[in-house]
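Read-outs: derived from the displayed coordinates by stated rules, not from any lab. Bear in mind that the values here come from a model prediction, so they are computed numbers and not experimental data. Neighbour counts run over all protein chains shown; Cβ positions are idealised from the backbone, glycine included.
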Amino acid sequence: MGKKGARFVLILVGLVYPLITAFTIFIVMAHDPEFPGMLTSSTGGSTNAAQKAANPNGLTDWEMEHGIGPITSEIKLSAIDEKMAAEGEKLFKMKCMACHKLDERYVGPPLRGVTTFRKPEFIMNMILNPSEMIQRHPIAKGLLAQYFNMMTPQGLDEQQARAVLEYLRWDFEQNNK
Ligand code: HEC
């Protein structure tokens with residue numbers, strides 16, 4: 001290769017290399033969930049980005065607290081409905097006790113008092129949509145890592161899940177009188 005040829009190759013490499021680098025950076029950024037917000041956002045966007053970064057898997061703040069699933073608005077709780085709780089108890093015995101005990105670890109975590117540290121919507125979404133919860137919600141993922149078992153959907157409808165929630169509220173109250 002002559003001097004000219006060598007210079008040509010150098011120039012070519014000098015031109016192409018930064019292009020490849022830029023392209024690679026672009027590809028990496030495009031896979032970031034913040035993209036293209038991270039390019040266009042000004043200062044206002046950066047708090048938004050910081051907030052989103054705190055939520056894994058692009059979950060909204062609402063989903064972080066209330067879980068992912070069909071329950072997307074607040075469940076209004078009032079005094080415990082004993083009739084609904086009794087209905088929930090039947091369902092719990094049929095559908096949940098294969099894996100859950102109330103007061104001790106079994107296949108899954110003990111559920112007595114779960115109503116005191118999880119939102120009602122979270123509990124219902126866990127009942128109605130366990131697979132996605134385990135996949136995407138950090139709390140359910142954490143439990144999976146602890147229990148090495150996957151909660152499976154039990155085919156309950158929303159009303160039945162609500163009844164089971166009522167039973168869990170009732171159970172906690174009974175045991176904390
Ligand atoms: C096949 C076993 C299995 C069945 C059946 C099952 N679960 Fe689970 N459950 C689990 C496991 C295991 C976890 C922990 C998360 C994971 O690893 O999937 C869990 C987690 C939960 C949680 C989250 C607890 C917390 O601390 O946030 C709730 C609430 C729950 N289950 C309620 C129920 C209810 C109510 C039923 C019945 C409708 C039910 N589960 C049926 C295995 C099961």
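Got a sec? How would Ile11, Ile75, Ile134 order by Cβ neighbour count within 10 Å, fewest to most?
Least to most surrounded, the residues fall as Ile11, Ile75, Ile134.
Along the charge dipole of the stretch 79-177, Cβ charges K/R +1 and D/E -1, which of Val114, Ile134, Gln154 sits furthest on the positive end?
Ile134
Taking the highest mean first, how do the peptides 85-96, 158-169 order by number of other beta carbon atoms within 10 angstrom per residue?
Listed from highest to lowest mean packing, they are 158-169, 85-96.
Which order do the peptides 138-146, 120-128, 63-71 come out in when sorted by mean C-beta neighbours inside 10 angstrom, highest first?
120-128, 63-71, 138-146
Would you tally the net charge around Pro56, using a Cβ to Cβ cut-off of less than 9 Å, leaving Pro56 out, and scoring K and R as +1, D and E as -1?
+2
Treating the beta-carbon of each Lys and Arg as +1 and of each Asp and Glu as -1, no other charges, what is the dipole magnitude of the stretch 63-174 about its Cα centre, to the nearest 20 debye?
I would put it at about 320 debye.
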